[in-house]
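Nothing in this text is a laboratory measurement; each read-out follows from the coordinates by a stated rule. None of the values given here were measured: they were computed from a predicted structure. Neighbour counts are summed over all protein chains in view; Cβ atoms, including those assigned to glycine, are modelled from backbone coordinates with ideal geometry.
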Amino acid sequence: MSHRSTSRRLRVSALTRVEGEGGLHIAVHDGKVTSVELNIYEPPRFFEAFLRGRGYTEPPDITARVCGICPVAYQMSACQAIEDACGVHVGGQLAALRRLLYCGEWIESHALHIYLLHAPDFLGLPDAIALAERDRATLERGLSLKKAGNAIMELVGGRSIHPINVRLGGFYRLPAKAELAGLTEQLRRALDEAIATARWASTFEFPDATIDHELLSLRDPGRYPIDTGTLVSSSGLDFSPAEYLDHVTELQVPHSTALHATLDGGRYLVGPLARYAMNAKWLSPTAREVATDIGLGGRCRNPHRSILVRAVETVYAIDEALRIIAEYEPPEIAAVDVSPRAGTGHGVTEAPRGLLYHRYRIDTDGTIEDAVIVPPTAQNQPAIEDDLRRLVSISLHLDDHELAHRCERAIRNYDPCISCSAHFLDLTVDRT
Amino acid sequence: MTGVVVGIGNEYREDDGVGLVVAEQIQRRDLPDVRVVSTDGEPSRMIEAWAGADVAVVIDAARLADPNPGRVHRILVDDLPGHVSPASSHGLGVPEAVELARALDRLPGRLVLYTVEVQKTGFGVGLSDPVAAAVPGLVDAVLRELAGPPCLE
C-alpha cells in the first residue's frame, strides 16, 4: 500500500504561544506539499485607514495600540516619520531617553518570548506553566528580567503598556536624574539574570536547520541598531529609510489579512538573526563576550538558535540602558517644537521582532493624508512559510499532532507578532 | 483590604474593549486601596497586577460560537477550565495567567473573573449596544466584589 496517492490536510486553527491569533493551513498531495498558508490577522491596515484625516500629533498614541508587546516600536517609528515630514531632528539627551525607553521594550519583549513562549519548546514541556512547575527558580528569573524592562517603560514611558509619555519632539515629562539612577541596581541584577539566561539557553539542544533568506536590518555605525540607522542587507543593499518602499513591496495574498512583503522581489528576514548577522561587532563588550561564550559566532543561520540571539540582545539592551542612565543629564526642554508643514516623512526602527516602517504624508495644517505601516511579521511571513514548506516536506512521516507541533515551533522561532491582540477566553457553558 | 481591578481587552477591536471600559469607570471613582490596571491580557502583567492583593476582579470579553451579547458570567478561579492544552489554547490568556500564578504562588486572596459575551470583534472602536448596556451592571458587580465576597460563596 502506498501513501503516494493520498491527500492530507493539516489545519492548526489557533497557533499556540504566539501573540494574538493566527492559523496555519498546509495541504499535502501525493506526498508533496502543495501549499503552506500562515493566516495572520494584522491590524496595520485598519490603522492606516483610521489615521487618515487625523492630526499629525496623533499617530504615536494611536499606533501604540496596535500591539501590546511592542508599543514603543510603533511610537518611535511614528515619531520619527512625522518629525522627518516636519523637518525636525531630535537628538542629544532626548534621543538617548527614547533609546532607553526602547531598551526597556526589548528587555521586556525578549524576556517574555524566551521564557514564556520559546524555552518550553527546547525542554520538552508543553508551556511556561509546566516550566514553572518543574523549575520555578528559572521562570522567576525570567519574570524578574522582564520586570526590569517594565520598570524602564513605567518610568520613561509613563506606564508599561501603551506608554503615554511619548510625544512628537520628545516627552511630556522628563525623568529626574535621581529617578533614572534609581533603576541602576535593578538593571545590574537584570544584567546578571540576562547573562545567566544566555548560558542556560546555550545548553538546549537545537534541531538542525539552516536558512538562506536574505537578511535586512538597520545599521547605526558605532552601536547596535535599535532606534535609528540606515538599511543594509546580507546581499549588500544599502539604502535610506526614505527609499524603503523602493525596495520593499507589499502584496496582498488571499489567505491572510497581512500583506506579504518582498525585498527587491525576493523573500527576506528581519529581526534578531538579521540584526545580529549585520551588526554583531557593534554589541557592547559584555554582550559580545557572552555571544562568544555561548558559541554564537559571527552570524547565526539556524532559526532555532534565535533564542540565543535574543538572549544576547537582552544583555546588550540592559548594558545600553545602564550606559544611558549613567550619562543622563536632563535636557532643558522635554520636547522640541514640531510644527506641521506639507510633506512626506519616513521612520524605521528595530522592533524586538524586526524592522517596523512608517510613512506619513501630511498637509500644511498637519492633517494626515496618507499612512503606510509595514510591520515586521508581514516582512517575515514569506520566509516563515518557506521554512514551514521545507520542514513539512521532510516530516511527512510524522502524525498530524507531531507535525503540527513541529510547525508551531518553526513559527515561534520568529516570535511573530500576530498582533490583532484581541483576547478571548474560550468559554465552556454547560446548559442543562 | 487591597483590591485590584484588571480590565483586559483592546479598545480598537470593538466589543473586545468592554473590560477596559469597565476598568476605566472604576478608575474614575478613585477608590481607596483599589488599583485599576488595563492590560492586553499578557499573563505576567496580570500576575504582577494581582499578586499580593486581597481581592482581584478581572473583566474580559468572551467570544462564543452562539453568543448572547451582553450576557455576563461570573467565574471563580477554581471553576476555570483546567490546565489548557496547548493544542487548543488561543495564545496566552486568563487561564494561563491563573495557572502560572498558581505555580508561582502569586494568586490573590480571592480572584473573580467576569466575562461578557460579545457581538462584534472586528477592527473598530466602540461597543455594540447590548455589550454597552451591560457595562453599568458590571461596574456595580465589580464594586460589590471589592466590598466583600457574597454571603453564600
Review point. Applying 1/(1 + (r/R0)^6) with R0 = 30 Å to the Cβ-Cβ distance of B:Gln119 and B:Arg29, what FRET efficiency is obtained, to the nearest 0.05?
Key: 0.65
Exercise for review: State to the nearest 20 debye the size of the charge dipole of chain A about its Cα centre, where the only charges are +1 on K and R beta carbons and -1 on D and E beta carbons.
Suggested key: 540 debye
Exercise for review: Mind jotting down the distance between the C-alpha centroids of segment A:336-390 and segment A:131-185, whole Å?
Suggested key: 25 Å
Review point. What shape does segment A:44-380 take by its C-alpha gyration tensor, where a ≥ b ≥ c are the square roots of the eigenvalues and a/c under 1.5 counts as rounded, a/b above b/c as prolate, and the rest as oblate?
Key: oblate
Practice item. For each of A:Lys147, A:Lys177, count neighbouring Cβ atoms within 10 Å of the residue's Cβ, then give the residues from fewest to most. Key: A:Lys177, A:Lys147
Practice item. Pull out the extension gain between A:Ser240 and A:Arg136, defined as 0.36 nm times the separation in residues minus the alpha carbon to alpha carbon distance; nm, one decimal. Key: 32.9 nm
Practice item. List the pair-distance distribution P(r) of segment A:205-335, using every Cα-Cα distance, as the percent of pairs falling in each 10 Å bin from 0 up to the bin containing the longest distance, rounded to whole percents. Key: 11, 35, 31, 17, 5, 0
Exercise for review: Report, please, the projected area of the protein assembly as shown averaged over directions, based on the convex hull of its C-alpha atoms, in nm².
Suggested key: 27.5 nm²
Check your understanding: How many nm is it between the label spots at A:Glu58 and A:Lys32, if each spot is 7 Å from the Cα in line with the beta carbon?
Key -> 5.1 nm
Point to revise | Dipole of the protein assembly as shown, positive end: most advanced residue of A:Asn413, A:Leu187, B:Pro67 [Cβ charges, Cα centre] | key: A:Asn413
Practice item. May I ask you to list the GluC sites (Glu not before Pro) in segment A:319-361 that are in a DSSP loop and have at most 14 other Cβ atoms within 10 Å of their Cβ? Key: A:Glu332
Exercise for review: Can you tell me the 0 to 90 degree angle between the C-alpha axis of helix A:92-111 and the longest principal axis of chain A, rounded to 10?
Suggested key: 20 degrees
Practice item. Could you work out, for segment A:347-397, what percent of all Cα-Cα pairs fall into each 10 Å distance bin, beginning at 0 Å and stopping at the bin that holds the largest distance? Key: 22, 29, 24, 14, 7, 3, 0
Review point. Contour minus end-to-end for A:Ala49 and A:Glu250, with contour as 0.36 nm per residue of separation and end-to-end as the Cα-Cα distance?
Key: 70.7 nm
Point to revise | Options A:Leu168, A:Leu245, A:Ile394, ranked by Cα towards positive dipole end of chain A, top entry (Cβ charges) | key: A:Ile394
Check your understanding: Where does helix A:71-85 land angle-wise versus the long Cα axis of chain A, in degrees 0 to 90, nearest 10?
Key -> 50 degrees
Practice item. Count the net charge of all other residues whose Cβ sits under 13 Å from the Cβ of A:Glu205, scoring Lys and Arg as +1 and Asp and Glu as -1. Key: 0
Review point. Taking segment A:260-386, how much of its Cα-Cα pair set, in percent, is spaced more than 22 angstrom apart?
Key: 54 percent
Review point. If you take the Cα Rg of segment B:3-147 and divide it by 2.2 N^0.38 Å, with N the number of residues, what do you get?
Key: 0.98
Point to revise | Inter-chain Cβ neighbour average for residues B:55-66, partner chain, 10 Å | key: 2
Study note, to complete from the structure: With a Förster distance of 45 angstrom and the Cβ-Cβ distance between A:His401 and A:Arg173, calculated FRET efficiency to the nearest 0.05 equals 0.30
Review point. Relative contact order of chain A: what whole-number percent is it, with Cα pairs under 8 angstrom and at least 6 residues apart?
Key: 26 percent
**Study point:** Separation in nanometres of the label points that stand 7 Å from Cα toward Cβ, at A:Arg389 and A:Glu327
**Key:** 4.5 nm
Review point. Of A:Leu218, A:Leu112, A:Leu125, how do they rank once you tally other Cβ atoms within 10 Å and put the fewest first?
Key: A:Leu125, A:Leu218, A:Leu112
Revision key, fill the gap. Counting only DSSP beta bridges fully inside chain B, the antiparallel percentage to nearest 5 is 20 percent
Review point. For B:Val4, A:Val66, A:Val253, what ranking results if the residue with the fewest other Cβ atoms within 10 Å of its Cβ goes first?
Key: A:Val253, B:Val4, A:Val66
Check your understanding: GNM, chain A, Cα, under 10 Å: largest mean-square fluctuation among A:Arg65, A:Arg134, A:Arg45?
Key -> A:Arg134
Check your understanding: So if R0 is 22 Å, what FRET efficiency would A:Arg199 and A:Arg301 give, r being the distance between their Cβ atoms, rounded to the nearest 0.05?
Key -> 0.50
Study note, to complete from the structure: In nm, the gap between the two label points placed 7 Å beyond Cα toward Cβ at A:Arg188 and A:Ala95 is 3.0 nm
